[in-house]
Amino acid sequence: MTLSSVEIAPYTQNPLDIIEEIVEANDWAFDRHAPEEMLVEVAGRWCQYRMFFFWQEEISAMQFSCQFDVKVPAARRTAVAELLAIINERLWLGHFDVDADEAMPMFRHTTLLRGAQSASVEQMEDLMDIALNECERFYPAFQFVIQAGHTAEEAVSAAILDTVAEA
């Protein structure tokens with residue numbers, strides 16, 4: 001099925017300009033080696049995170065990932081794949097996967113901005129905040145599977161306490 005476009009989308013400003021302002025305001029280390037790419041390093045509670053931002057003007061989309069500073073050994077990849085399936089069921093935005101080249105877990109999300117003049121500061125802050133919170137939330141489960149050899153179900157049960165109701 002092909003969708004017909006009813007109007008030409010106006011030029012969308014580069015959201016990485018907004019990201020750069022947020023990063024500078026937080027005193028985070030970053031490298032913007034091209035107008036459409038940015039790398040940001042953030043110290044988390046559990047590890048160092050690397051956030052990658054890629055802007056694709058031709059489709060008005062920003063791809064974002066937040067990578068853990070942890071490698072998945074080949075022997076644990078099947079267990080981590082099972083963990084990804086369980087974790088991703090619990091997410092409202094984005095997903096976790098493992099980078100094929102570096103074997104590192106990461107949170108990923110693509111934001112579509114066609115038709116918008118620009119992303120808002122709030123949208124970009126929320127995106128980074130959600131990613132970092134989800135990475136911090138699920139990091140222990142990854143460690144239980146990768147380092148301690150637990151099953152995905154055991155890791156989720158031990159590491160994640162989702163609040164169901166207020167006490």
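A few notes on this one:
- Looking across 122, 136, one residue alone is in contact (Cβ under 8 Å) with a residue 40 or more places away in the chain, surrounded by fewer than 17 Cβ atoms within 10 Å (Cβ to Cβ) and closer than 20 Å to residue 42 by Cβ. It is 136.
- Within the stretch 40-56, the set of residues being loosely packed, with under 14 Cβ neighbours inside 10 Å and either within 12 Å of the chain's Cα centre (by Cα) or not basic (Lys, Arg) (or both) comprises 43, 48, 56.
- Matching residues, the stretch 140-167, being part of a loop (DSSP other than H, G, I, E, B), at pLDDT 85 or above and surrounded by fewer than 17 Cβ atoms within 10 Å (Cβ to Cβ): 147, 148, 149, 151
- Residues within the stretch 44-86 that are touching a strand residue (DSSP E or B) at 6+ places or on another chain (Cβ under 8 Å), at negative phi and of a type in the set (Gly, Ala, Ser), tallied: 3
- Picking from residues in the stretch 72-126 that are more than 15 Å from residue 14 (Cα to Cα) and β-branched (Val, Ile, Thr), the one that is nearest to the chain's Cα centre (by Cα) is 98.
- Note on the stretch 76-119: residues that are in contact (Cβ under 8 Å) with a residue 24 or more places away in the chain, among the aliphatic types (A, V, I, L, M) and surrounded by 14 or more Cβ atoms within 10 Å (Cβ to Cβ) total 13.
The values are calculated or read from the model by the stated rules, or taken from the named source; none is laboratory data. Remember, it's a predicted structure, so these values are computed and weren't measured experimentally. Virtual Cβ from ideal backbone geometry, glycine too; neighbours counted across all protein chains shown.
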